[in-house]
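**Q** Structure in structure tokens, see below.
The values are calculated or read from the model by the stated rules, or taken from the named source; none is laboratory data. Computed from a predicted model, the values in this text were never measured in an experiment. Cβ coordinates were reconstructed from backbone atoms using ideal geometry, including for glycine residues, and neighbour counts include every protein chain displayed. The protein model used for the area step is the full one, side chains on, heavy atoms only, and it has no ligands, DNA or RNA in it. Shrake-Rupley method; radii C 1.70, N 1.55, O 1.52, S 1.80 Å.
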Amino acid sequence: MCMELFELRGRVALVTGASKGLGKSMAMALGEAGADIVLVARGPVKLAEAEKEVADMGVRTLTVAADVTIPEDVDKMVSQALAKFGKIDILVNNVGTYVGKPIEESTTEDWFNLINTNLTSTYLCCRAVGKHMMERQRGKVVNMAAAIGALGARNSSAYCASKGGVIQLTRALAVEWAKYHITVNAIAPGTMETEITAKMLEDPKVRKALEGKVPMGRIGQPSDLAGTVIFLSASGSDYITGQTIFVDGGFSVQ
């Protein structure tokens, strides 16, 4: 009975930004839990590599090359997923980017890039997939926030604003869609070891300083999100909605 609460066999999960990093790791975790996976990303080469890794686990997959900041691409993504699998049970909005600058050195282009990539993409995918979930009267949405999106951080004003927007969008949609039996939650990671942070973490002083801010004493790994994304996608979390779960080694509680 308990294991059935985390069983995803027969479910279809669509993961954006799934060609690398956190997105690929979460897609593989959902596949291991039994879900069929729709992998979405802009780069077809990396996407094909990720598909092979997921498919090698015996998981049914579909790849869609799409820019989820563009409404037409999002509609195409949903259409292809429904044509292949007939439904979407789980949506993981993982697409995101980071630019760290003092606000006086940032550009309007930096602002729009972060807002569009991190927040607008989440809005567009929720809107498109949400229509399908409302018709079916069920669904699980997992948005990717960030610890500093709730707390604030130096030299990250646009990023914090975009991820703070994800948290508020998550809360608003949780209220709006509760009557459709759709749960909407967010994961807020701390610093994670990915392609985006690799160069920064190569500096031993930077790594040591960041690790010193984490009570658990280490930088997060993509695999640290596996349990949380499975939980929020499975029936074990059916009475949880509008919440942001911090996966940050205790960073946010200091």
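**Q** Do you know which residues across region 1-35 are within 17 Å of the chain's Cα centre (by Cα) and on the phi > 0 side of the Ramachandran plot?
**A** Correct list: G17, G21.
**Q** If you go through region 82-130 one residue at a time, how many are in a helix (DSSP H, G or I) and closer than 19 Å to N143 by Cα?
**A** 18
**Q** From (1) within 19 Å of the chain's Cα centre (by Cα); (2) modelled with pLDDT of 95 or more; (3) not polar (S, T, N, Q), pick out the condition that doesn't hold for E193.
**A** Status for E193: all satisfied but (2).
**Q** Another question, if that's okay. Going through region 66-81 one residue at a time, which ones are open to solvent by 50 Å² or more (accessible area, probe 1.4 Å) and either touching a Pro at 6+ places or on another chain (Cβ under 8 Å) or assigned to a loop (DSSP other than H, G, I, E, B) (or both)?
**A** The answer is I70, and nothing else.
**Q** Checking the conditions here, which among L232, L210 is within 13 Å of the chain's Cα centre (by Cα), surrounded by 13 or more Cβ atoms within 10 Å (Cβ to Cβ) and part of a helix (DSSP H, G or I)?
**A** Going through L232, L210 in turn, the sole match is L232.
**Q** Something else now. For region 34-47: of the residues being assigned to a loop (DSSP other than H, G, I, E, B) and surrounded by fewer than 21 Cβ atoms within 10 Å (Cβ to Cβ), which is modelled with the lowest pLDDT?
**A** Within region 34-47, the first condition is being assigned to a loop (DSSP other than H, G, I, E, B), and the residues that meet it are 34-35, 42-43.
Okay, now just the ones that are also surrounded by fewer than 21 Cβ atoms within 10 Å (Cβ to Cβ), so 34, 42-43.
Working: G34: 97, R42: 95, G43: 92.
Here the answer is G43.
**Q** Quick check: is even one residue across region 12-30 more than 22 Å from R138 (Cβ to Cβ), without any contact (Cβ under 8 Å) to a residue 12 or more places away in the chain and surrounded by 15 or more Cβ atoms within 10 Å (Cβ to Cβ)? Give the steps one after another, and end with the answer.
**A** Taking region 12-30 first, the residues more than 22 Å from R138 (Cβ to Cβ) are 17-25, 28.
Applying the additional criterion that residues be without any contact (Cβ under 8 Å) to a residue 12 or more places away in the chain yields none.
No: zero hits.
**Q** A further question on this structure: V54: open to solvent by less than 30 Å² (accessible area, probe 1.4 Å), in a helix (DSSP H, G or I) and out of contact with any strand residue (DSSP E or B) (no Cβ under 6 Å at 6 or more places or on another chain), yes or no?
**A** No, not satisfied.
**Q** Say whether the condition of being at positive phi and in contact (Cβ under 8 Å) with a residue 60 or more places away in the chain is met by at least one residue in region 209-227.
**A** Within region 209-227, not a single residue is at positive phi and in contact (Cβ under 8 Å) with a residue 60 or more places away in the chain.
**Q** Only one of (1) under 19 Å from C126 (Cβ atoms); (2) in contact with a helix residue (DSSP H, G or I) (Cβ under 6 Å, 6 or more places away or on another chain); (3) not aromatic (F, W, Y) is not met by R11, so which one is it?
**A** Going through (1) under 19 Å from C126 (Cβ atoms); (2) in contact with a helix residue (DSSP H, G or I) (Cβ under 6 Å, 6 or more places away or on another chain); (3) not aromatic (F, W, Y) one by one, R11 breaks only (2).
**Q** Moving to a separate point now. Only residues in region 188-200 that are over 14 Å from Y159 (Cα atoms) count as the first member; pair them with residues that are outside any loop (DSSP other than H, G, I, E, B) and acidic (D, E), Cβ under 8 angstrom, at least 6 apart or cross-chain, and list the lot.
**A** M192/D224
**Q** Another question, then. For region 163-178, which positions are of a type in the set (G, A, S) and closer than 20 Å to A128 by Cα?
**A** G165, A172, A174, A178, listed by residue number.
**Q** So if I check each of V166, V184, which one is in contact with a Phe, Trp or Tyr (Cβ under 7 Å, 6 or more places away or on another chain) and modelled with pLDDT of 95 or more?
**A** V184
**Q** Residue by residue through region 113-149, note down the ones that are open to solvent by 10 Å² or more (accessible area, probe 1.4 Å), hydroxyl-bearing (S, T, Y) and touching a helix residue (DSSP H, G or I) at 6+ places or on another chain (Cβ under 8 Å).
**A** T117, Y123
**Q** Is there any pair linking a residue in region 240-254 that is under 25 Å from W177 (Cα atoms) to one that is part of a loop (DSSP other than H, G, I, E, B) and open to solvent by less than 50 Å² (accessible area, probe 1.4 Å), with Cβ under 6 Å and at least six apart or on different chains, and which?
**A** Every condition considered, the pairs that remain are T244/A145.
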